[in-house]
Amino acid sequence: NIPRITILGSLNTDLVAYVPHHPLPGETLTATSFMTSPGGKGANQAVACAKLSRPRSLSSPSAHVSMVGAVGSDSNGDMLLHNLQTHGVDSSLVTKLPNQKTGIAMIVVEAETGQNRIIISGEANHSVGEEYVTAGGWLEKTDLLIMQLEVPMGTVVRAVGEAKARGVDVLLNPAPARVLPEGVYRGLKHLVVNETEAAILGGVEERELDTMEGLERVGRMFLEKGVENFIATLGGRGVFYLTREGGEEKRGLVEAERGVRVVDTTGAGDTFVGRYALDAVRARKEGEGGEGGRFDIEGAVRRANKAAAVTVQREGAAASIPWRDEVE
Ligand code: RIB
Ligand code: NA
């Protein structure tokens with residue numbers, strides 16, 4: 001009776017250039033290094049769930065992690081499928097589309113700060129339509145559904161509705177940020193955002209999130225729309241959470257990890273989501289089993305924060321996500 005997590009989302013091949021500084025308009029730069037590696041927010045979050053569910057030495061994840069999405073019929077697509085499989089993610093619901101290309105992310109990482117700039121070309125990810133939600137009956141077998149916004153909005157909206165109708169928990173990480181249809185919030189058990197996403201979705205200025213009062217105000221707005229657990233990752237300021245699970249409101253700010261040398265932030269948000277999701281789905285399972293386990297959101301945020309701090313110290317996306325024994 002192991003928990004089942006499904007990620008409906010994107011798979012990208014990341015083309016990553018490491019540069020001394022970001023190029024100015026009209027400037028041509030020489031990269032200090034370049035690599036092609038597996039990415040895509042959906043696939044990264046699937047890999048994060050799988051890797052963080054167990055120590056490297058154990059071959060099978062302690063949660064069943066499955067990915068729904070699409071790649072093209074090119075070698076990049078094969079590479080991404082292989083990457084899921086080697087980490088123990090069930091890839092049987094990732095469709096290989098004929099005559100299409102696999103999604104691409106062009107990533108430039110600045111050496112000094114480890115900060116990235118990303119341009120995405122969705123390709124096969126654009127073809128993940130609403131039919132992916134119902135085909136194969138996977139939703140019936142899912143405890144927690146995780147999504148991002150690198151597949152069409154219509155698909156995400158449909159999936160939230162179908163999940164709600166079946167009592168499946170949904171975690172949405174609305175990246176890249178776009179305004180959501182109002183009705184979506186009622187179907188969200190967990191909303192995990194960064195500052196930019198919080199501002200765009202909430203229709204506020206980013207600086208409103210500079211204070212604890214501002215964070216509470218914005219967080220409460222999402223709770224009033226129907227979200228149960230609101231989490232905002234704030235980089236160096238830590239992670240804010242606001243919850244009304246079990247009827248009573250609880251909030252907190254978990255501090256950022258100290259002494260972290262940032263090499264490449266790519267994949268940090270995905271790592272956070274994956275680690276958090278493992279705790280969330282376990283709490284749900286315990287609840288079902290009548291053990292009455294309340295979700296310890298503070299603990300979940302703490303553990304997720306710690307895992308993400310490892311990811312920023314390593315190059316790449318999926319490859320930089322730690323195994324469980326590398327965090328604990
Ligand atoms: O979150 C990081 C990911 O965003 C990268 O792997 C890239 O593919 C983009 O989707
Ligand atoms: Na990284």
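The values are calculated or read from the model by the stated rules, or taken from the named source; none is laboratory data. The model shown is predicted, which means the values in this text are computed figures rather than measured ones. Virtual Cβ from ideal backbone geometry, glycine too; neighbours counted across all protein chains shown. Note: accessible area is taken over every heavy atom of the protein model, side chains too, but ligands, DNA and RNA are not part of it. Shrake-Rupley method; radii C 1.70, N 1.55, O 1.52, S 1.80 Å.
Count the net charge of all other residues whose Cβ sits under 14 Å from the Cβ of ASN116, scoring Lys and Arg as +1 and Asp and Glu as -1.
-3
Stretch GLU205-ILE119 to full length: gain in nm at 0.36 nm per residue minus the Cα-Cα span?
On the way: separation 86, 0.36 × 86 = 30.96 nm, distance 2.35 nm.
Value of the extension gain: 28.6 nm.
List the residues of the stretch 202-229 whose backbone N lies under 17 Å from a point placed 7 Å from the Cα of ARG186 along the Cα-to-Cβ direction.
222-229
How big is the stretch 235-297 by the Kirkwood estimate over distinct Cα pairs, in Å?
13.8 Å is the Kirkwood radius here.
May I ask you to give the average projected area over all directions of the convex hull of the Cα atoms of the stretch 178-284, in nm² rounded to one decimal? Display every interim value, and only then the final one.
Details: hull surface 29.2 nm².
Quarter of the Cα hull surface area: 7.3 nm².
Given an 8 Å cut-off on Cα distances and at least 6 residues of separation, report the relative contact order of the chain as a percent.
19
Once the piece of chain linking HIS22 and ASN1 is laid out straight, how much longer is it, given 0.36 nm per residue of separation minus the C-alpha distance between them?
Values: separation 21, 0.36 × 21 = 7.56 nm, distance 4.85 nm.
Roughly 2.7 nm would be gained on extension.
How many lysine pairs in the chain, separated by 8 or more positions in sequence or lying on different chains, have Cα atoms less than 20 Å apart?
Qualifying lysine pairs in the chain: 17.
What FRET efficiency comes out for the pair ALA31/ASP74, r = Cβ-Cβ distance, R0 = 22 Å, nearest 0.05?
In this case the efficiency is close to 0.40.
Where nothing but the Cβ of Lys and Arg (+1) and of Asp and Glu (-1) is charged, how large is the charge dipole of the chain around its Cα centre, in debye to the nearest 20?
On the way: 35 positive and 43 negative charges, 117 e Å.
Value, rounded to 20: 560 debye.
So, in nm, how far is label ARG220 from label THR86 when the simple model puts each one 7 Å beyond its Cα toward the Cβ?
Using points 7 Å along Cα→Cβ, the separation is 5.0 nm.
Along Cα→Cβ, 7 Å out, is where each label goes; now give me the distance between the ones at ALA135 and GLU248 in nm to one decimal.
Between ALA135 and GLU248, the simple spin-label model gives 4.7 nm.
Heads up, I need the accessible area for GLU162: 1.4 angstrom probe, whole protein in place, Å², nearest 10.
40
If you take every DSSP beta bridge whose two residues both sit in the stretch 4-326, what share of them, in percent to the nearest 5, is antiparallel?
Numbers: 23 of 57 bridges.
Bridges in the stretch 4-326 that DSSP calls antiparallel: roughly 40 percent.
When the C-alpha atoms of the stretch 1-124 are aligned to their principal axes, what extent does each axis show, in angstrom, from largest down?
Result for the stretch 1-124: principal-axis Cα extents of 56, 37, 19 Å.
Can you give the net charge of the other residues whose Cβ lies under 15 Å from the Cβ of THR134, counting K and R as +1 and D and E as -1?
0
Quick one: in the chain, what % of C-alpha pairs are over 36 Å apart?
Summing the P(r) tail past 36 Å for the chain gives 12 percent.
Output ³J(HN,Hα) for the stretch 32-45: one whole-Hz value per residue in order, computed from phi by the Karplus curve 6.51 cos²θ - 1.76 cosθ + 1.60 with θ = phi - 60°, and x for Gly and Pro.
7, 7, 9, 8, 10, 8, x, x, x, 4, x, 5, 4, 5
In the stretch 145-261, what % of DSSP beta bridges are antiparallel (nearest 5)?
Once the DSSP bridges in the stretch 145-261 are tallied, antiparallel ones form about 50 percent.
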